[in-house]
Structures are given as C-alpha cells and as structure tokens.
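See below for the structure under consideration.
The values are calculated or read from the model by the stated rules, or taken from the named source; none is laboratory data. Just so we're clear, the structure is a prediction, and the values are computed from it rather than from any experiment. Ideal geometry is used to build each Cβ from the backbone, glycine not excepted, and the neighbour counts take in all protein chains shown. Just so you know, the surface numbers come from the protein's heavy atoms only, side chains and all, with ligands and any DNA or RNA stripped out. Shrake-Rupley method; radii C 1.70, N 1.55, O 1.52, S 1.80 Å.
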Amino acid sequence: MPQSLARVALHLTFSTKHRRPWLKDRQLCDKLYAYRATILKDLESPAILINGVADHVHILFYLSRNYAIKKIVEEVKKEPSKWMKKQGEEYSDFYWQAGYGV
C-alpha cells in the first residue's frame, strides 16, 4: 500500500488543580471549549466533542499521525490555562492538575 492511513479516536480527561470547581460558568466554558477545539484543529487532531463539569474536562478527538499524545495534551492544557487567567482577576490562580487520562 503506497500510503499510511489511520483514524484513532481518543478520550482525554484531566482535572483542575486540587479539583477546584473553576468551570461552573457555562458561557465561559463554551468559549474555553471553542478555543480548545481550535488548538486541536491546529494540531491536526480535530475535536469530536468537548465537555466537562466544574472540576474536570472530557475531550473526544481524532489523533493526528504527526503529533504525540503528550504534545497534544500539553497544548490543550497550557494555552487554555493562559486564556483562563485573562478572563478576570478571580481566575488568576487557575491551573490544571498535573497528569491526564487517555
């Protein structure tokens, strides 16, 4: 076969630091999820579904053949964390917990 084909869907989940309920504002979360979907698209790993509850997030996405899972997780945690901190003074201490499940 002259080409390589793969379509792998992953379910990623991770929590806020100390499981603090930072994600209660539904409008803010919708913006956060849209931002995260853009990051995934840029990493050639399009989102299928992004959702969560007050203290953790679930992301279903297709894994790119060009990026390691570790790199994708790093980007979908790092950039949205920076974005959250810009959403108001009450989010200045926002962090994701280390680690993830996939």
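Details
- For the pair Lys24 and Gln3, a Förster radius of 41 Å applied to the C-beta separation gives a FRET efficiency near 0.35, rounded to the nearest 0.05.
- Secondary-structure-derived ellipticity at 222 nm for the chain, considering helices only, amounts to -11000 deg cm²/dmol, per-run term -39500 (n - 2.57) for DSSP H runs with n ≥ 4.
- Placing unit charges on the Cβ atoms only, positive for Lys and Arg and negative for Asp and Glu, gives the chain a dipole magnitude near 140 debye about its Cα centre.
- Gyration tensor (alpha-carbon) shape descriptor, the chain, a/c threshold 1.5: prolate
- Per residue, in Å², the accessible surface of the chain once ligands and nucleic acids are set aside, probe 1.4 Å: 63 Å²
- Cut-off under 5 Å, modelled amide H: who pairs with Gly52 long-range: His58
- The accessible surface of the chain, taken with every protein chain in place and a 1.4 Å probe, is 51 percent carbon and sulfur.
- Tilt relative to the chain, helix 69-85 - C-alpha long axis, 0 to 90 degrees, to 10: 30 degrees
- Degrees, to the nearest 10: 26-42 long Cα axis against longest axis of the chain: 30 degrees
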